[in-house]
Amino acid sequence: MESFLIEVPVPSMGATVHELTIIDILVQPGARIAKGQKIAELESDKSVFEFEAPCEGVIAAVHGRAGDILPSGAPFLRIETTDASLRHLEAKSGSVPAQPKPASASGASPAPSAVAAPAPAAVAPVVGVQWTPRAAKLAQEAGLDPAKITDIAASGPGGRVSGDDVARYLERRGAAAAPASVATPVSAKPAAVDDETVCIAGVGYNVPKNVMSNREILKEFPDRTEAEIVKLTGIKERRHADADESATDLAVVAVQHALTQAGMKVEEIDGVIMATLIPDQPVPSMASKLAKRLGMPRALAFDLNAACSGWLYALEVGRAFIRSGTAKKIVVVTAELLSRITNPKDKETAFLFGDGAGAAVLTDAPGGHRLHRMALSGDANLFEAIQRPGGGALNPVPHPEGHNIDDFYLQMDGGAVFRAAVVGFADQIESTLKRQNLRPEDVAWIVPHQANERILRAVSKRVGIPYEKFIVTISQYGNTSAASVSMALGWAAEEGVFRAGDKIVFCSVGAGITFAGGLMVW
């Protein structure tokens, strides 16, 4: 039978859905496909669905890449087929039409189009995988030989067995609880000091002890399943603080870990910058409360709110203060108790958020881990995409009869946020590579805001950096807003994942909308 070319459009998902986000493309030009074969994964308003081949044939062209946002009806695939029932889709010519221009979140130029391979499994095979130093230490302290353990999950970065995996493994075996981790000391490493970098002398993080599982949250949503939540978000559990536990309580421990790692005393600190969207109280600043608790009452102290990008914004402010001489040693810390402002009955947000804290000590010393300038930007046109209208001067307290109670919970337009985040994350990574004259293969690790696993996988495909190089903690901690990047960095440092000279790229997208990204050299 004679073959011909068909133009397969982006599907229509109904009258209210006008565009879709490409999460993954599983084929490339030249690939032979079977009818009904899964060839792509698309997203629309928090709904993920598989795109199946409409016929047998050969892929002639793919229009778009992971992370692109395409309108319904736009060209998506060109397939050479002999299926006469699809003559109505026959391409008008053999030429490939121009690819629709993808949406841009922050103005950075998109990377060259590339067709991605299938995403790796969430848990790597156990045989032959690497263990993080912390994981091996915990196993050995429990009297176990890591080389002989074959039935343990490996959910750490790059498919490594992590300390968290060992803790869960020991709990399942009924072994004694794994010893509390001790931050790995940071040794001074000679590094060239230019006119923009400062030293990150130590990092630390802290989470509440209470684990909140998907199963517990699902009690409010009998029509949903655990598998669905994991597929949509990548989150299996998160931590929630006790009723009498404050964000400052979490921050104190995170800072103490960072100071221990830095080998510094609290009296040496002359500045505290706190990034948070929900301080313990509006006035005075939570940074001032933290400075008092830690015993540094004379330090400069203030809060900063850039939502999920907050810690990276705070890092840049701290870096600039040190380079200008305003301070010499600054603690940049973040703590969020998002469980306090998450609506347990809102299926859009109930599963997303958790509590936690992270910190870093910045100094003017030479050597050590070098923090380069962060790039900060925003898109206020998406101001309403993520918001908590209540609690400010316009709406200070809940109505006595509860008429405005929803205003005091986090609210989110999931579709708008997803679209902004995929492109925004990718733009921050690509602009950082361009600014630092780096190639994707030069990057050792990406430490992103832990927004959503689907977002991060799509970003990985879009920028051409393997997902195994992304430090991802969302599975166990959820989205902790400003705390998430600092927590992921602190977690990986304690696991011993980083090596001297590793180039680490930060990226975040937060309410506002805010964008932040930059480079750290370990």
Exercise. Considering A314, A301, which residue is buried (at least 19 other Cβ atoms within 10 Å of the Cβ), in contact (Cβ under 8 Å) with a residue 12 or more places away in the chain and over 18 Å from the mean Cα position of the chain (by Cα)?
Worked result: A301
Problem set entry | Meets criteria (of a type outside the set (A, V, I, L, M, F, W, C), in contact with a strand residue (DSSP E or B) (Cβ under 9 Å, 6 or more places away or on another chain) and at positive phi) for G490 | no
For this session: Sort out which residues of the range 365-385 are assigned to a loop (DSSP other than H, G, I, E, B), under 21 Å from G517 (Cβ atoms) and not charged (D, E, K, R), and write them in order of number.
Result: H372, M374
Exercise. Among the helices (runs of 4 or more DSSP H) contained in the range 199-283, which hold 2 or more residues that are aliphatic (A, V, I, L, M), surrounded by fewer than 23 Cβ atoms within 10 Å (Cβ to Cβ) and within 23 Å of the chain's Cα centre (by Cα)?
Worked result: 226-233
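Quick check: is even one residue across the range 220-227 of a type in the set (A, V, I, L, M, F, W, C), closer than 16 Å to E348 by Cβ and in the same structural domain as A275 (by TED's automatic domain parsing)?
yes
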Seminar exercise, completed: Taking the range 460-478 and the residues there that are among the small types (G, A, S) and touching a Pro at 6+ places or on another chain (Cβ under 9 Å), the one that is nearest to C507 (Cα to Cα) would be S460
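Which of the residues belonging to the range 354-371 are closer than 22 Å to S508 by Cα and either surrounded by fewer than 21 Cβ atoms within 10 Å (Cβ to Cβ) or more than 29 Å from the chain's Cα centre (by Cα) (or both)?
The answer is R370, and nothing else.
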For this session: Take the range 285-344 and flag every residue that is charged (D, E, K, R) and part of a strand (DSSP E or B).
Result: D303, K329, E336
Problem set entry | Yes/no for V283 being among the β-branched types (V, I, T) and closer than 16 Å to A359 by Cα | no
Exercise. Going through the range 285-298 one residue at a time, which ones are more than 30 Å from the chain's Cα centre (by Cα) and not basic (K, R)?
Worked result: G295, M296, P297
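Would you please name the residue that is nearest to the chain's Cα centre (by Cα), looking only at residues in the range 130-177 that are part of a helix (DSSP H, G or I) and small (G, A, S)?
Step one: list which residues in the range 130-177 are part of a helix (DSSP H, G or I), which gives 133-141, 146-148, 157-159, 163-173.
Of the ones still in play, those that are also small (G, A, S) are 135-136, 139, 147, 158-159, 163, 167.
Details: A135: 23, A136: 26, A139: 28, A147: 31, G158: 16, G159: 17, G163: 20, A167: 23 Å.
So, considering only residues that are part of a helix (DSSP H, G or I) and small (G, A, S), the one nearest to the chain's Cα centre (by Cα) is G158.
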For this session: Check whether at least one residue in the range 362-380 is basic (K, R), in contact with a helix residue (DSSP H, G or I) (Cβ under 9 Å, 6 or more places away or on another chain) and closer than 20 Å to M274 by Cα, and report yes or no.
Result: yes
For this session: Could you please let me know if I386 is surrounded by 23 or more Cβ atoms within 10 Å (Cβ to Cβ) and over 26 Å from G490 (Cα atoms)?
Result: yes
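Would you pick out the residues in the range 72-110 that are modelled with pLDDT of 65 or more, closer than 30 Å to S460 by Cβ, touching a Leu at 6+ places or on another chain (Cβ under 8 Å) and not aromatic (F, W, Y)?
Across the range 72-110, the qualifying residues are S72, R78, I79, E80.
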Exercise. Looking at this structure, is A291 assigned by TED's automatic domain parsing to the domain that holds I429 and either in contact (Cβ under 8 Å) with a residue 40 or more places away in the chain or touching a helix residue (DSSP H, G or I) at 6+ places or on another chain (Cβ under 9 Å) (or both)?
Worked result: no
Seminar exercise, completed: Residue pairs within 7 Å by beta carbon, gap of at least six or interchain, first lying in the range 37-66 and more than 16 Å from S12 (Cβ to Cβ), second of a type in the set (S, T, Y) and surrounded by 19 or more Cβ atoms within 10 Å (Cβ to Cβ), listed first then second, are C55/T81; E56/T81; G57/T81
Problem set entry | Considering residues of the range 439-471 that are modelled with pLDDT under 95 and hydrophobic (A, V, I, L, M, F, W, C) only, the residue farthest from V422 (Cα to Cα) | I465
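The values are calculated or read from the model by the stated rules, or taken from the named source; none is laboratory data. As the structure is a computational prediction, the values presented were derived from the model and not from experiment. As a convention, Cβ positions derive from the backbone with ideal geometry for all residues, glycine included, and neighbour counts pool all protein chains shown.
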